Amino acid sequence: MVAPPGAGKGTQAARLAEHFGIAHIASGDLLRSEVAAGTALGREAAAYLDRGDLVPDRVVLDMLVGRVAQAADAGGFILDGFPRTLAQAQAAYELAQPRDIALDAVIALEVPPEELWARMSARAAAEGRADDTQAVFEHRLAIYDEQTKPLLNFYDERGLLQKVDGARSVDEVFADIVGVLEDLSVS
Ligand code: ADP
């Protein structure tokens, strides 16, 4: 899933994983657990997370490669928050190809910026995440535009991109994504 911060990709990814009985691999959640557990990886990632900057590709790839391979063997996965840069997408492809792991679809959730901030401020109140302040949110949105948005073209050119209107209720968005995946017969 590719979407700007606050678009609801975490919520949708969790529901989709449950619905299809596959793994939900959320890079942001995994990074926050590493930080909370005080691991070497977490210590390296913490400052990037707090600033809303991207954690270096190498750190993210080290954390994810084994998990994705294991989930692929066990029946499949939803990637939430990864890849986030073209370099990550390229590295993921090079690691996945020899292992016979491929993406079936890339779901892009589309939500207008004013709606994104409304959702993020609600999440900030509910969860108290350090990167949910307005300044950090704006920085994350700028990073999304610069670094992650180019992935949409990258996957569109490969025939994988499916755009879904994310500015609706959780249930409507979920039904739409399931419909898209069923039409592709990937489910
Ligand atoms: P959201 O769902 O709100 O976009 P995430 O929980 O996916 O937020 O990510 C939170 C933070 O974790 C990012 O701002 C970034 O610092 C870090 N992060 C998550 N995934 C990646 C990734 N693939 N590459 C680099 N940094 C990442």
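Amide H contacts for Val2 (H built 1.01 Å from N in the peptide plane; partners 5 or more residues away or on another chain; cut-off under 5 Å): Ile107, Ala108, Leu109. Model label sites at Asp57 and Gln90, defined 7 Å from Cα along the beta-carbon direction, differ in position by 0.6 nm.
Here segment 94-187 is treated with +1 on each Lys and Arg Cβ and -1 on each Asp and Glu Cβ, and its dipole about the Cα centre works out to around 240 debye.
In percent, how large is the relative contact order of segment 4-74, given Cα pairs closer than 8 Å and 6 or more residues apart? RCO, segment 4-74: 24 percent.
The label-point distance for Trp117 and Arg158, in a model that sets each label 7 Å from Cα toward Cβ, rounds to 3.4 nm. Under Stokes-Einstein, with the Kirkwood radius over Cα pairs as Rh, the value for segment 1-79 at 4 °C and 1.567 mPa s is 97 µm²/s.
Counting other Cβ atoms within 10 Å as a rough exposure proxy, the listed residues Lys149, Lys9 run Lys149, Lys9 from fewest neighbours to most.
If you average the sequence gap of Cα pairs under 8 Å that are 6 or more apart and divide by the length of the chain, what percent do you get for the contact order?
Details: 223 pairs, mean separation 60.4, N = 187.
It rounds to 32 percent for the chain.
Site pair Leu103 and Ser33 shows an inter-label distance of 2.3 nm when each label is modelled 7 Å from Cα along Cα→Cβ.
What fraction of the Cα pairs in the chain, stated in percent, has a spacing above 29 angstrom? Can you show the working numbers first?
Values: 3031 of 17391 pairs.
Above the 29 Å cut-off, the chain has 17 percent of its Cα pairs.
About its Cα centre, the chain has a charge dipole of approximately 380 debye under the convention of +1 per Lys or Arg Cβ and -1 per Asp or Glu Cβ, with nothing else charged.
Build a GNM of the chain with springs between Cα atoms under 10 Å apart, and of Ser169, Ser27, Ser121 the one that fluctuates most is Ser169. Largest mean-square fluctuation among Arg32, Arg129, Arg158, in a Gaussian network model of the chain whose springs join Cα atoms under 10 Å apart, belongs to Arg158.
Just checking the listed ones, Ala37, Ala71, Ala91: in the Gaussian network model of the chain with Cα springs under 10 Å, the one fluctuating most is Ala37.
All of the numbers you see were taken from the coordinates with simple rules; none came from a lab. Small disclaimer: the values here were computed from a predicted structure and weren't measured. Cβ coordinates were reconstructed from backbone atoms using ideal geometry, including for glycine residues, and neighbour counts include every protein chain displayed.
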